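The values are calculated or read from the model by the stated rules, or taken from the named source; none is laboratory data. If you're wondering where the values come from, they're calculated on a predicted model, not measured in any experiment. For neighbour counting, all protein chains shown are included, and Cβ atoms are generated from backbone atoms with ideal geometry for every residue, glycine included.
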Amino acid sequence: MRMPPLPPPFTQLTGDRAVKRAVGNRSTQVADPIQIDDYDPAWPALYADHEARIRTALGPLALAVEHVGSTAVPGLAAKNRIDIDLIVADPADEDAYVPLLEAVGYFLRSRDEDWYQHRALWTEGHGVNLHVFGPDCDEHLRHLIFRDWLRTHPDDLKLYVADKHRSAAEHPLDMARYVDQKATVIVEILRRAGLS
C-alpha cells in the first residue's frame with residue numbers, strides 16, 4: 001500500500017460550510033449528545049451485512065469496500081455507527097452509483113467537492129456512514145493505516161479511546177469540535193504509523 005502524507009490541517013466545519021455540504025433533508029446540528037459506547041462484538045457482523053448489500057447493489061462499480069473507523073477496531077470504544085469506505089471510479093459521477101445505493105437504503109447526505117470529491121451516504125437513522133472516495137485516495141489510505149495500526153498497538157488504542165471520551169465530554173453537541181479536538185491525537189498516531 002502506498003504511504004500517503006499526513007492530513008492537511010483540519011478545516012473547521014463552520015455553520016456555513018456545514019450547510020453548503022449538506023444534501024437532502026439532513027440536519028446540520030447534533031440532536032443528541034455524542035455518546036461513546038464500549039466496543040460491541042456485533043459490529044463486524046453488522047459491517048459484513050452492509051458490505052454484502054453494497055456489493056450486490058453496485059457489482060463491479062464497487063472497486064473496494066472497507067470497514068473503517070472505530071467500530072472496525074476490536075476493543076475500541078466508538079459511537080454506535082458503522083463507518084464504511086467505498087471506492088468508485090469517480091465519486092463526482094453520482095448518477096453512476098447513488099441511485100443504486102438509494103434503492104438499498106443508503107441516502108446521499110454530504111457532498112465535499114473540495115475534499116477528495118468525498119460523498120457520504122447514510123442509512124435511515126444514521127447507523128452507517130458510507131464514505132465514497134476515488135481510487136488511490138489519500139484519505140482512504142489514511143483510514144486503512146490508522147485502523148490497522150490501532151488493531152496492533154494497544155497503547156495507541158488506549159490513548160485514542162481516552163481522547164475520544166474527553167472530546168465527547170467537552171463538546172457533546174458539536175460534532176465539528178469533537179472531530180477537531182481528536183485531530184491532534186490522530187496525527188500523532190499516524191506519525192508513529194509512518195506518515196510524514
*Go over the candidates Asp90, Asp40 one by one and state the one that is without any contact (Cβ under 8 Å) to a residue 60 or more places away in the chain, under 22 Å from Glu139 (Cβ atoms) and in a loop (DSSP other than H, G, I, E, B).*
Asp90
*Go through region 61-87 residue by residue and tally those that are under 18 Å from Gln35 (Cα atoms), in a strand (DSSP E or B), under 11 Å from the mean Cα position of the chain (by Cα) and of a type outside the set (Val, Ile, Thr).*
1
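Name the residue, out of Arg119, Arg142, Arg81, that is of a type in the set (Lys, Arg) and within 22 Å of Ala31 (Cβ to Cβ).
Going through Arg119, Arg142, Arg81 in turn, just one is of a type in the set (Lys, Arg) and within 22 Å of Ala31 (Cβ to Cβ): Arg81.
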*If you go through region 91-113 one residue at a time, how many are more than 20 Å from the chain's Cα centre (by Cα) and under 21 Å from Glu51 (Cβ atoms)?*
4
_Single residue of region 120-174 satisfying the filter (assigned to a loop (DSSP other than H, G, I, E, B) and without any contact (Cβ under 8 Å) to a residue 24 or more places away in the chain) that is nearest to Ile87 (Cα to Cα)_ = Glu124
*Confirm whether Ala57 is touching a helix residue (DSSP H, G or I) at 6+ places or on another chain (Cβ under 6 Å) and farther than 29 Å from Trp149 by Cα.*
yes
*Among residues of region 78-96, those that are touching an Asp or Glu at 6+ places or on another chain (Cβ under 6 Å) and closer than 13 Å to Leu121 by Cα, counted*: 1
*Flag for Phe133 being modelled with pLDDT of 95 or more, in contact with a helix residue (DSSP H, G or I) (Cβ under 9 Å, 6 or more places away or on another chain) and buried (at least 19 other Cβ atoms within 10 Å of the Cβ)*: yes
_Residue in region 77-86 that is acidic (Asp, Glu) and over 25 Å from Val161 (Cα atoms) present_ = no
*Give just the number: which of (1) outside any helix (DSSP H, G or I); (2) in contact (Cβ under 8 Å) with a residue 12 or more places away in the chain does Asp114 not satisfy?*
(2)
*Within region 149-183, considering residues that are buried (at least 16 other Cβ atoms within 10 Å of the Cβ), of a type in the set (D, E, K, R) and at pLDDT 95 or above, the one nearest to Thr71 (Cα to Cα)*: Lys164
